[in-house]
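Working notes, beginning with the structure itself.
The values are calculated or read from the model by the stated rules, or taken from the named source; none is laboratory data. Treat the numbers as computed from the prediction; the structure is a model and nothing was measured. Using ideal geometry, Cβ is built from the backbone for each residue, glycine included, and neighbour counts are taken over all protein chains shown.
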Amino acid sequence: MASPPTVVISRRRQHELLRSWTGWPLTSVLLDPAEVAQVRDAGWSGTHHRDPETGERIVGTADGLGFGVDDSWHNPVEVIPWSELEAIAWAVPEEVREQLVEFRARWRQHQSAYPRFTASAAAVGCGPIVTGEPLTARQEAYVREHEAFEASGVLLAWERQRAQLDAERLGLHGQAMGLSAGSEAGDLLELLDDQRLGQDTKLVDRPAAGSPCAEIRACADRPGLLPPTPGTCGSGEDAARSTGIAHPPRGVGR
C-alpha cells in the first residue's frame, strides 16, 4: 500500500514545485485565483503534466496538486492543497498580474495568426501523390506551392516567436511566485540566523592551536555537552574521544 503523500506547507517548497508545472493551467490560476476551482474540477485532463527535464509527473488529486506520481498517475509523493494554490494566486503582485493580462492578449493574437499553407485553385483537389507514378498538373502545382511556402520561412518565424513568448510566460511565473514579504519570514529568519552564526564564529579570536586554553575552548564550544572531567583535555586525541558527539548542523527547514 502506498504511503500517504506529504502535504507541502512551506511556501518556498510550494514555489519550487509549481515552477515545474509549466503548463497554461498555472498561468490561468496566477491570472485569476477563481480559476483554481476550474483547474481542480478538470481533473487529469486539465492538470496532468510531465517535467521534460526530470520526468516527474504532476496531476491534480482530490486533496490538491500532486507531484511525483507513479506511472499510473496516482500516489503522489507531495501535495499542494488547493487552498494553498489559491492563496499563492491571491498573493501575486498586482503589477505582475497586469503584465500577465497584457501577455495573454499578445499570446492570443500570436496564436490566431498561425501561418497555414493554402493551395491555389490550380492545386486544390490534386489527390494523393503515389511514389513512382508521374505527377498530374494539379499535383505539380501543389508541390511547387508547398515548397515555396516552406522556403518563405513564415512558419519557422512563427515558431521562433512562440518559443520566445513561452519563455516570457515562464519568466512571469517566476515573478508571480517570488518571495513576498512575510510569506517566508520563518525560513528567512532561520537562514539569516545560520549565516550570522557562521560569521560570528569566524570573527572570534581563538587561542593558538595546541594550547590548553584552545583545547578547553574546543570542549566548551560544543553545545549540549556536559563540562569535561579533569584531564579530559590533556591531549587532542583524548579531547576528541571524550567530547566526540557531533552536534547536528542546523539547516533551513522546508
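The set of residues in the stretch 11-33 being small (G, A, S) and modelled with pLDDT under 95 consists of S20, G23. A search for C-beta distances below 6 Å between a residue of the stretch 14-34 that is more than 19 Å from V101 (Cα to Cα) and any residue that is among the hydrophobic types (A, V, I, L, M, F, W, C) and modelled with pLDDT of 95 or more, counting only pairs 6+ apart in sequence or on different chains, returns Q14/V8; Q14/I80; L17/F67; W21/I58. Residues that are more than 26 Å from Y114 (Cβ to Cβ) and part of a helix (DSSP H, G or I) within the stretch 125-153 comprise A137, E140, listed in sequence order.
Just to be sure before I move on: is T136 loosely packed, with under 11 Cβ neighbours inside 10 Å and either under 30 Å from M177 (Cα atoms) or without any contact (Cβ under 8 Å) to a residue 24 or more places away in the chain (or both) in the structure I sent? So T136 does not fit the description; no.
Any idea which of G43, G66 is farther than 27 Å from A163 by Cβ, in contact (Cβ under 8 Å) with a residue 40 or more places away in the chain, surrounded by 13 or more Cβ atoms within 10 Å (Cβ to Cβ) and not acidic (D, E)? If you could, list the steps in order and put the result at the bottom.
Values: G43 fails: in contact (Cβ under 8 Å) with a residue 40 or more places away in the chain.
Testing whether each residue is farther than 27 Å from A163 by Cβ, in contact (Cβ under 8 Å) with a residue 40 or more places away in the chain, surrounded by 13 or more Cβ atoms within 10 Å (Cβ to Cβ) and not acidic (D, E) leaves just G66.
Just one of the numbered conditions (1) buried (at least 16 other Cβ atoms within 10 Å of the Cβ); (2) of a type in the set (S, T, N, Q); (3) within 15 Å of the chain's Cα centre (by Cα) is not true of T54: (1). The set of residues in the stretch 157-179 that are surrounded by 12 or more Cβ atoms within 10 Å (Cβ to Cβ), of a type in the set (A, V, I, L, M, F, W, C) and either modelled with pLDDT of 95 or more or within 14 Å of L100 (Cβ to Cβ) (or both) comprises W158, L165, L170, L172, A176, M177.
Counting only helices (runs of 4 or more DSSP H) that sit wholly inside the stretch 1-72, those with at least 3 residues that are over 23 Å from E168 (Cβ atoms) are 11-18, 35-47. Scanning the stretch 99-109 for any residue that is loosely packed, with under 11 Cβ neighbours inside 10 Å, more than 25 Å from the chain's Cα centre (by Cα) and on the phi < 0 side of the Ramachandran plot turns up at least one such residue. Is it fair to say E102 is in a helix (DSSP H, G or I) and among the acidic types (D, E)? Here the answer is yes, as E102 does meet what is asked.
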